[in-house]
Each structure stands twice: as structure tokens, then as C-alpha cells.
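The values are calculated or read from the model by the stated rules, or taken from the named source; none is laboratory data. Remember, predicted model here, so these are calculated numbers, not experimental data. No Cβ is skipped: glycine too gets one built from the backbone with ideal geometry, and neighbour counts run over all protein chains shown. We work out accessible area using only protein heavy atoms, side chains counted, and drop any ligands, DNA or RNA first. Shrake-Rupley method; radii C 1.70, N 1.55, O 1.52, S 1.80 Å.
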Amino acid sequence: MTDRGHASAVAHVTGEALFVHDQAQRDGNALYGWPVQAAHAHARVLHIDEGPALALPGVRAVLTAADVPGTNWIGPARHDEALFPDEVQYHGQPVCWVLADDEATARAGAAAVRIDCEVLPALRSLDAAIAAGSFHTAPQAIAAGDVAAALAAAPHRFAGELRLPAQEHFYLETQAAYVRPDGEGGYHVLAATQHPAETQATVAHVLGLPAHRVTVEVVRIGGGFGGKESQASGVAAVAAVGCARTGRPVAIRLDRQRDATITGKRHPFLAKWRAGAGPDGRLVAFDVELCGDGGSSLDLSKAILARALFHVDGAYAVPALRVVGRVARTNLPSNTAFRGFGAPQAAAVAEEVQDHVARALGLPPETVRERNLYRPGDRTHYGQPVRDAERIGRIWRELLASSRFAERRAAIAAWNGAHAHHKRGIAITPVKFGIGFTTTFLNQAGAHVLVYRDGSVLGRHGGTEMGQGLHTKILAVAARTLGVPESGVRIVSTRTDQVPNTSATAASSGSDLNGAAVAAAARELRQRLLPHAAALLGCAPEAVEFAAGSALGAGRAVPFAAVVEAAFLARTSLAATGFHATPGLHFDAAAGRGEPFGYFVFGAAVSEVEVDGCTGQHRLLAVDVLHDVGDSLAPAIDRGQIEGGFVQGVGWLTCEEVRFGPAGELLTRNASTYKLPGIGECPAGFRVATLERATEPGAVFGSKAVGEPPFLLALSVREALRDAVAAFRGPGPVALDCPATPEAVYWAIHGRPDAEPPAD
Amino acid sequence: MGGALHFVLNGEPVEVAGVDPRTTLLHWLRARGLTGAKEACGEGECGACAVVSVVPGRDGGSRYVAQNACLLLLPEADGAEIWTVEGFGRAGALHPVQQAIVAAHGSQCGYCTPGFVAALFAHHYAAHRPAPEQALAGNLCRCTGYRALREVAAGLPAPAAGDPFAARLRAPAPAARALHYEAAGARFDRPGSLAGALELRARHPEAVLLAGGTDLVAELNQRGSAPRHLISLGAVAELRACAGRGGTVTIGAGATWREIEERFAGRVPLFAQLLPRFASPLVRERATLGGNLMTASPVGDGAVALLALDAEAELASPHGSRRVPLHEFFAGYRRTVVGPGEILAAVHVPAAPPSLARFHKVTKRELDDIACVSAAIALWLDGGTVTRARLAFGGVAPTPARALAAEQALVGRRLDAASLAACQAAVAAAFRPISDVRASAAYRSALLGSLLARTWAEASP
């Protein structure tokens, strides 16, 4: 465990922390790229007139498909995205790119390029795609029990439909890459990518080069959240094409409008569900259809849908559960990974059903939720035992007590009785999140650790630092394994020429996988150092301990550096590689059975809100979280992940609204029209605690993954809003659109007028 | 003769020539290698580009203000004293604000952090520190969830004795001076007097007037094109003059919303309700009253409030000035009656405080958001009977607008259920809102009625 904060905190506050565009600006000799974007959602490109752009002073090139030395087709799972398209697939798609001496000139050049198009029919919404039978994938299903029979036999039956919205990543650093020729026929790509190995492969394919000629380096990323897992590679590939064409360094940084209109978002989902319950609210049957909007290309949508299928149970046991899902193909930007990766959408459906059943039966929602929670011995609908399921109940009970839930529920009822125009609501929701890439082979990682003669340690691994504090945690792992102080260890940039064939830093797996790899390398080094320490200490190797920068044994201590020097003089290799492959994972997609996850993360949140019935505006008054991080590697960093994930989830569920216009054009292109949470949305009372006695034996030093699960804690806010709406409306289920903007809450209270014209 | 720009950057004098005057300070800083300030939106919404400048304070001293460098054109820096994150402290010698962020674990990815440092730096030295939420309302962070940063703002100690940045504030701030600057085929004028501004305006009808730039420069950044000739009003002292005589308040069109907040929040009705929710502190330091009116946005907060107060606009021209009641000021969507040779010089708010004044602003986000509907309601009552009513709304018509018929119909009535219903019907008949990214037409229509109901309820609890 480390008490330290982010390893780059000082560099952050002084402005010395360099991001991709910062490096290019400081080097000062790059060409800058700007896209020429399509003005139609679907169109055939007939002619590109580059002349007016090339006539501008400072414009150096217009990049088109003709400049691609290798393949023009990219995409993480299916190569179905044209880097330079002859058929436009969504409004705003880059058709070609202008390179100029500076960004302003490139932008002016892009505005001057003329593109002739033949406009083609377009599918501009999920509904349109479903109606047209336009899909990226065949239906995927998971089922447990006989759902039809269980539904038919259920004492109470319910049905509903829920639309889950898109969400813009709005990482503060927009997509960026900076490519330099290395002078030896290779390219160095400084990129803001969560997946350096895939960016490397993409650039290599596009340039028609073997991978060893392309080095991708990631120093840090200004926020990723999944948005730079697959979609960072295209920008890097364009910059590489520009570099190959001109021989000059090329930097591309999308401005916010370009980033918002070009890149994909969290998948919108349409969920149709039926459920059966007993009179006590216990679910006996749950039947769900999910359809995600994949956008114009497949991207990661299939895996995102799979995670949605795995998480539609929420944290609840249902004896008969069937879920069928499919990915629709629309003419919209290709939707992609976003923190939670389909699980938040699925868990929202699970909570919708719990609340619906409770209110329909006149039971407190928290009572129904508690009755349905997984218990020890339960298995999920795909057959995986819910290991440590007792933690769900433990968290639930501890949080109800620590948040004084019952007392506050009573106080809120009294408050609501005294206020006609404002009502408060409270809710508790649980989290169960499976950890591991559901594509099993991705659960591997590599690292190396070097020890220098002065005893200082340098580590490098395949994960990327994007604010989540990965390098800080890894540093702690290396220091602890070698028994040296954290100040003696440095973790440096991620490089594909140092650690090859890595997986994306995604699926919350960064510290589990890379931490284990670094620990393996560090253990190897410790083994090599042991005999030399033993010789210096005059004891048996088994008796040596490394701690706090010393080797200890036989009641004596020698400095770590002295052991290192002795090993060096004895001609010992002081560089070690480490590798980790998570054992035991398997999933049979055809059967819908297996154990895709190494373990589950659990948590729960209580949220209290106040709603203004006149306007639907609402405030988040207080939040209590109890979350399972295992034995935390870095408590301050884990708390930051929990709080940040929670607030990002609140944004998705309450104020962030992605809107497209009638031509398929994005209307919410920047911060003035797309409202992410500001400091005013941070709850006044924000109490976060982590579960005690929560060692996870399968992960590094007993820790657990933390990146995505806390996002789902925010579902408590949506359910608390529904509780407040119910206080206005009285008994019975409450229909609340998502996101629960003031307008949505207003309609939930007052009922939407029938003759509502389409909003766009 | 292109001229040169001179200013003080992180304590060192700099001279700039030959740089296109339409370059933002942010882009210039970054191209110079000062890459601490970041661009994340380019429209003054996120604060990642925040830098600090020194402006006049009270009693002849100075104060630090955080501003969005993406909304400042480089020539506007001429004569100024600007600090970027690189100037506050460095590893091993962190500024107390930087130290506090590190200690509180207030950074994750670090991209927004320099902007938070700038905002907190200004907060640290403020004579009267606002609430943390207000101080940081103009900075967005996507990683942390803000709790740690809020605690930093709440917990900053007073500046230490001997703090050189604090000492600087005892000396006067630089004053904006007249400027003529040309480069790259574009021109930037900053006249030093109203007469000079009017003369330039008359000679160059194609030039665009620049006040605080918080709307204009944001728009230029988003469009990627800018006019070849800009006339900044930033050095026209007459335009910043404010006065309160016989109860009437006159606010210079060049007064920033920060100045208005400081001087008039307690004196002009509605302003105390309006100001905390007007843009963000970073924007209020630049945005002017005149700019807010001249941009003629249908949801301009200031316009809606001033309509309800029967304010008058004073338009200056080379031939003298004229006054236009604000409800005749807006000619249509994003248009005003201000003539080609005229400049909005001031706004006069008459002395007749209403008995009841309410400002409502409905937004998705609590702070720093644009209204989907705003309402300013001013009622003058005599023994419970309405003698005069002003009902002004934003976001329901092409311009901020009053509901004249509804106002008339209220006169002589008491605030009861019948008058509310009649007023709601008259207001509903007056406007046909549209649907856009912020809200649907139906919701806007519903809000008109419910905001009136809210006001009635508050008037007779």
C-alpha cells in the first residue's frame, strides 16, 4: 500500500507534464493536420478538388487515399473503416486531411478543399437501423432456466422499455498523435492511445511496414475513459501517412468540435424487458432484449454488447434469465469503449426492473433490491459462481447503517409532507462488476524491470497512464517486491519497442495485469540478488529479506545498492522481463457458458436528491459509497477513481445529452452545448469508504480493479430521482427518461404532452 | 507600419511583432513553448487554458484575475502583466496552491490541472474569496469528480507574509492603452477614447467591435475564421464609467460583469440573483454588459433582467447620443437597432425598485450553463394590488422579450389564482418557443407557466 499521490502530481501542477501536442509545439518543426469532413451521413465521394487548399501559403499537402502506401482499411476487430473513404459513412467523417505549417493554416486549407458527393440514403438513428434490419452482428444470447415457463407461472408480470443514451467521452485532451521519421526507415509515434500495440499495428499496416519499423510511445494521456482504446489509432495512422509522404514530423490534434464529430461515444441501447416476480418482489423470471447502436463500423461493439449481456443481472440473482443482444449499424460516428463498456447500460436496465417491480407491488425499492441480491452459492446466468457473494450483503448492510438510511428515509418523508413544490428522494443501488477482458486472450501483460549499479530501479510495462494512477500503483508494486523505497523506483513511458504485443489499458485491468507482470520481473531480480545479499550478510539465501532499501539477514543489514553492485561485479543480469496471463478464464460464446471473469468487484451507493417540481431541476444533496477495492495498492488513487467514476456516471445519467440533427450531424459539439458535470454537480456530502477485510487472492497484493465499477454507483442517483418523482406522483411505477435532465424529470412528474413534436 | 505588442509575461518583458492579431493568447503561448495552458474546448467553457493577469483593484492596488487564454486575442495582452502556470512555481519550489493540489490528490490526468492552478491562484490572493463552487465554476475536470479540488479551494491558507505575489498587489496594475497593430494582413485597433472609437467605427464600417471577447472570440475559434479588422473597446475609459445618481444607475457598456457584481449586485434588483449563475468567474472577468446586449442572444441573462427593470440603452455616435428603451433594442434574432456608426455606450436603470423581483434560470447544470428558459419578473404592488408589471423572458422568442399584454392585464389585480391563470394564458399566447439542443418547445412552454406559478407562490407564501 502506498500513501503517495499521483507520481506525476508535481509535473501536473507546474505545467511541466508534457502531452502529445505540447511535445510537438516545443519541438517546433512539425506540420499540422486538419481533416476535411463530410457534410453528409452517407455519400459516395466523386471528386476531391485539392487545388484551392494547395494554393494557400503554408499548406504543404492534401492527404488522400492515394498517399497510403499500405492498406486503407483499419478497425480493431473488423477492418471495416476506411482511413480515407470513397464512401462516407457518417456526417463529419474525415474524407481527406490537409497538412500545413501550423494548425490555423491547415484549418483554412481544409475549408478550401471542395468535395463532390453523391448523396446516399442514410440510417440516422437506432430505430431506423432496427426497422431496416441493419446490423453489425448476429444475435448473441445467454440464458439460464426456462424463462418462458417461469414468466407464465409468475404471480406478477411486468414489461417495459428503456432507452439508454450515448455519452461523449470529453477527455480533456482531445485525440492527438505526433509522428517523426527516425531516419532509419522507421517511425516514432508519440500518441495519446490506450492501446499502443494496436496503434503500432495500425500504423504499420497503413504504411505497409513490418511492426518493428513503427514505435509507439505513450508518455501520458489526458483522459481516455475508453475513447482512446480503438479510436486513437486512426489519427496516428493519418499523421504517419503525412510523415511518410512529406518526410517531415507531423502532428495532429483534433480540436473539440472535430473530436466530438469524428469519434464515437458510449453506445446508446434500446432495452425491451419482461419480468416475473413473487408477491415479495423476488424476481423469478427476467427476459431482456438489448440492441446497441454500433454506429458506422463494428469497432469494439461486439465485445461491448457481450459485457452488457454479462451485466444485465446487475447484482441480482434471477433463477430464469434470458438476454438476447445485437449491434445495429447506423450512419453515425462509430460508437466505442467507454468506462463500463456496456455494463452501465445493462445495469441500468436491472435497476429499472427492480424499481418498477417494487413500486408496482407497493414495496420499498430498497427492500426488493435487498431480497434479490446475489447470495453465497449463487451463479450468474452464464454459469459463473459469484465468488465472495457474501460481500454484496455485507456492503449492503454496512452502508445502510453508516448512511443512516432508514432514519433519512423517514426524515425525507416528513420533509416531503411539508413541501409542495420540492421533493426529496433517496435510493441505494448495488454494483457487481466482472473483472477481466471477456475476450480471454487479451488477459496477458508484459513488463521489464532494470536495476542500475547505484541501486535505482526503472520499470516499464504495457499499460498506459491516463490519469488513473497506473504508474503510481505499479511503482508501489515494484518497490514493495524489491524492498526498496518508492523514491528508488521510476516507471517510464509505455513503448512498443520495449514491451511488445500488449493489450489495451482497458477493462479496469491495467494494474491487475501489468502489476502482476512487473511483480514477476521484480521477483526474478530479487531471486538473482539473493545469493549476493546472502554472501554479504553471511547467512543463507532463504534467510534474506529485502525491505526499505536494505537487505536484511543474520541480524545485519546491507544497502540494496551494495547488493546490486556485488551482483554486477559477479556478472549478473540486472534486467528482467515479467509476464502475466490470468489463469482460469474461459467462455463458450455459442453455449453462453463459462467463467469470463477472474473475480467480481462489489459496491453500493446511497444518493439523496432534491427535485424542483416547477422546473424538474434537481440537486444531488448527499452520496455515501461503500466500495470493494480489495487491499488497496494506493488508497488516495482508488478514492479518486471512485469519486471521478461516480461523477462521470452522474453526468451520463442526469445532464449529458448527445444530440444529432436531421442530417445526422452532431449538434452537441462542444462544452457550451454538451454539459458535463461541473463542480456544482459534486455532491455537497460525498462520503466514500472502502470495504474492510477484502483481500482478493487472485490479484496483485490482494488488490482489486477500480477503473470502471464505480461508474455504476451513479445509478443510485437516477433511482433517487425516481424516488423524488414518486413523492410528487404517488404510488406506482415511475417512468423516467435517461438522461434525467430537468426536462426529463419534469415530464416524469407532470406527464409528457401527447402531441409532442420531435425535438430535433 | 505594423507596430509591436509589449507586455510582461511571467515577470519578463516581451515584444511581439508580425504575429497575426487574430491569434489567441493561448495559441501564441503554446507555440512559444509555454505549453502549460491547454486547449480543451476553445470557447471559454472549460478553463484548461486559464492564465492570470493583473488588473486594477480597489484603493489603487491590483488584483489577480484568472481568464481564459483561448478567449483573449494576443493584441489584447498589450500593456498587460500575465502569469502562466510556468511562472507560479516549479518542482522543489511549488507555489502554495500547487502544493495544496498535490497534497489533496487533486490531479489525475493532469490536463485540466494548470487551469485549476490559475483559478486557485487568483482565488488565493482574492481580497474576498468566494465560495469554492463559485471560484471553480469555470473549470471542468473529467477525472476527479471535483471533491478534492473543492477542498483545496476551501482550505487554502492566507498568503504568507513576504509572499512576493501578494506584495505585487500593493502596486497599481497596468492600464490598457491605445494601440494600432497590423500583421499578416489583419489589423487590430484599440482606441483610447470614445471619440476615437466612433471615428474608427465611422471610417471602417466593415470592422468588428470587440469588447470582452467571450462570445466573439469563442465564435471565431469555433468557426475558424476571423474578420480582418477588429476594433477593441478595451481602452475606452468612458465606456467603463458607472454611476448611481438619484437612484438611477448608469452602467458603462464596457463594465465587466465582475465589476457589475462588485458594485451593483446589492443595488440593482435581480442582479444578486442573476450574477452567481451568469457564466463563470473566468468569463465574468472579461465579459461586458455591452457585449451581453450587443450579441443579442435570445437567452442573454443580462438582457432579460434589464428588460424587466425598464432599462434604457444609450447609443453614442459622432453626432451625439440617443436613448433606446431596451424592449425596443432587439430587432430580431442576433440583431439590434444599433446603427452602423453607433456604439452602445451605457445602460441606464431607472430608480424605481419593484416590490417583488425574481430571476429564474432553468439549466441542465447548476453553474456556468446557458439557460433553456430564463425569466425576470418585476412587480410593483400597492397594498397587494399590482400597479406595474414587467415580465421578461429568455429562450422563448428570437430575442429576449417582454410579455406586454400579460403585463398590462396584471395591472389592478391581486396576486391570486385568477390573476395567475390569466397571466399564464397571456404569456403562453405571447410566445411560440422552439425545440433545440437545450430543451423542447413543449418544455419551454410549460416552464413559462410554472415559473409564473413559482413567483406567485413565493409572493404569497
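Where only DSSP H runs of four or more residues are counted, chain B gives -8000 deg cm²/dmol as its mean residue ellipticity at 222 nm, each run worth -39500 (n - 2.57). Judged by the ratio a/c of the largest to the smallest principal axis of the C-alpha gyration tensor, segment B:363-461 counts as prolate, that ratio being 1.5 or greater while a/b is larger than b/c.
Remark: mean inter-chain Cβ contacts per residue of B:21-28 equal 1, using a 10 Å Cβ-Cβ cutoff to other protein chain atoms.
The residues packed around A:Val214, meaning those with a beta-carbon under 15 Å from its beta-carbon, carry a net charge of -2 if Lys and Arg are +1 and Asp and Glu are -1. Once you sort the root eigenvalues of the Cα gyration tensor of segment A:437-482 as a ≥ b ≥ c, which label holds: rounded (a/c under 1.5), prolate (a/b larger than b/c) or oblate (the other case)? It comes out prolate by the Cα gyration axes.
Counting DSSP beta bridges with both partners in the protein assembly as shown, what percentage is antiparallel, nearest 5?
Within the protein assembly as shown, antiparallel bridges account for around 85 percent of the total.
Amide hydrogen proximity for A:Thr690: with H placed 1.01 Å from N in the peptide plane, the residues at 5 or more positions away or on another chain lying under 5 Å are A:His627.
Magnitude of the charge dipole for segment A:71-112, about its Cα centre and with charges confined to Cβ atoms of Lys, Arg (+1) and Asp, Glu (-1), is about 80 debye. Here's how it looks for B:Ala50: its modeled amide H is under 5 Å from those of B:Lys38, B:Ala69, B:Gly115, which are all 5 or more places away or on a different chain. Amide H contacts under 5 Å for B:Cys242: B:Gly252, restricted to partners 5 or more places along the chain or on a different chain, H placed in the peptide plane at 1.01 Å from N.
Here's the picture: charge each Lys and Arg Cβ at +1 and each Asp and Glu Cβ at -1 in the protein assembly as shown, and of B:Leu169, A:Gly598, B:Cys46 the one pushed furthest to the positive end of that dipole is B:Leu169.
Of all the stretches in chain A, which is the longest one without any exposed loop site, taking GluC sites (Glu not before Pro) in a DSSP loop (any state but H, G, I, E, B) with at most 15 other Cβ atoms within 10 Å?
Maximal segment without exposed cleavage sites: A:185-691.
Normalised by 2.2 N^0.38 Å, where N is the number of residues, the C-alpha radius of gyration of segment A:444-581 stands at 1.05. Phi-derived couplings, Karplus 6.51 cos²θ - 1.76 cosθ + 1.60 at θ = phi - 60°, listed residue by residue for segment A:347-355: 5, 4, 5, 4, 5, 4, 5, 4, 5 Hz, with x used for Gly and Pro. Each part reduced to its alpha carbon centroid, segment A:490-516 and segment A:23-51 end up 32 Å apart.
Per residue of A:605-614, how many C-beta atoms from partner chains lie within 10 Å of its own C-beta, taken as a mean?
Rounded to a whole number, the mean comes out at 2.
Which residues among segment B:174-193 fall inside the zone where the amide N is under 15 Å from a point 7 Å beyond the Cα of B:Val208, along Cα→Cβ? From segment B:174-193, the list is B:186-189. The charge dipole of segment A:274-409, taken about its Cα centre with unit charges on the Cβ atoms of Lys, Arg (+1), Asp and Glu (-1) only, comes to about 160 debye.
Summed over the residues of chain B and divided among them, the accessible surface reaches 35 Å² per residue at a probe radius of 1.4 Å.
How crowded by other chains is A:218-225, given as the mean number of beta carbons from other chains within 10 Å of each beta carbon?
If you average over the peptide's residues, the count of other-chain Cβ atoms is 4.
Computed over Cα pairs, the Kirkwood radius of chain B leads via Stokes-Einstein (1.002 mPa s, 20 °C) to a diffusion coefficient of 92 µm² per second.
Selection among B:Val16, B:Gly61, B:Gly145 by position relative to the dipole of segment B:5-168 gives B:Gly145 as farthest towards the positive end (Cβ unit charges, Cα centre). Among beta bridges from DSSP that stay inside chain B, the antiparallel ones total about 90%. Taking label points 7 Å from Cα along the Cα-to-Cβ direction, A:Ala575 and B:Arg414 give a separation of 9.1 nm. When segment B:363-461 is described by a simple charge dipole with +1 on each Lys and Arg Cβ and -1 on each Asp and Glu Cβ, the residue from B:Gly383, B:Ile370, B:Gln424 located farthest towards its positive end is B:Gln424. Only Lys, Arg, Asp and Glu carry charge here, each on its Cβ (+1 for the first two, -1 for the last two); on that basis the protein assembly as shown has a dipole of about 1260 debye about its Cα centre.
Counting only DSSP H runs of at least 4 residues, each contributing -39500 (n - 2.57), and dividing by the residue count of chain A, the helix-based mean residue ellipticity at 222 nm comes to -9500 deg cm²/dmol.
Using a/c under 1.5 as the rounded threshold, could you call segment A:649-751 rounded, prolate or oblate? The axes a ≥ b ≥ c are square roots of the C-alpha gyration tensor eigenvalues, and prolate needs a/b larger than b/c, oblate otherwise. Because a/c hits 1.5 or more and a/b fails to exceed b/c, segment A:649-751 counts as oblate.
Please identify which residues in segment A:593-613 have an amide N closer than 20 Å to a label point set 7 Å out from the Cα of A:Ala418, following the Cα→Cβ vector. Answer for this model: A:608-613. Do any of A:Lys432/A:Lys675; A:Lys272/A:Lys432; A:Lys302/A:Lys704; A:Lys302/A:Lys675; A:Lys704/B:Lys364; A:Lys302/B:Lys38 go past 31 Å between their Cα atoms, and which? Check vs 31 Å cut-off fails for A:Lys704/B:Lys364; A:Lys302/B:Lys38.
For the protein assembly as shown, the Kirkwood estimate of the hydrodynamic radius, built from every pair of different alpha carbons, is 31.8 Å.
Only Cα sites of segment A:1-59 enter the Debye sum here, all with the same form factor; the resulting log10 I(q)/I(0) across q = 0.20, 0.21 1/Å is -0.93, -0.97, listed in q order.
Expressed as a whole percent, the accessible area of segment B:191-353 that falls on carbon and sulfur atoms is 52 (1.4 Å probe).
Relative to the longest principal axis of chain B, what angle (0 to 90°, nearest 10) does the C-alpha long axis of helix B:441-459 take? Roughly 80 degrees, rounded to the nearest 10. Distance from the Cα centroid of segment A:375-412 to that of segment A:585-653 is 14 Å (rounded to whole angstrom).
Run the Debye formula on the Cα coordinates of segment B:5-168, all scatterers equal and no solvent, and tell me log10 I(q)/I(0) at q = 0.16, 0.18, 0.20 1/Å. Cα-only, vacuum Debye calculation for segment B:5-168: -0.90, -1.14, -1.39.
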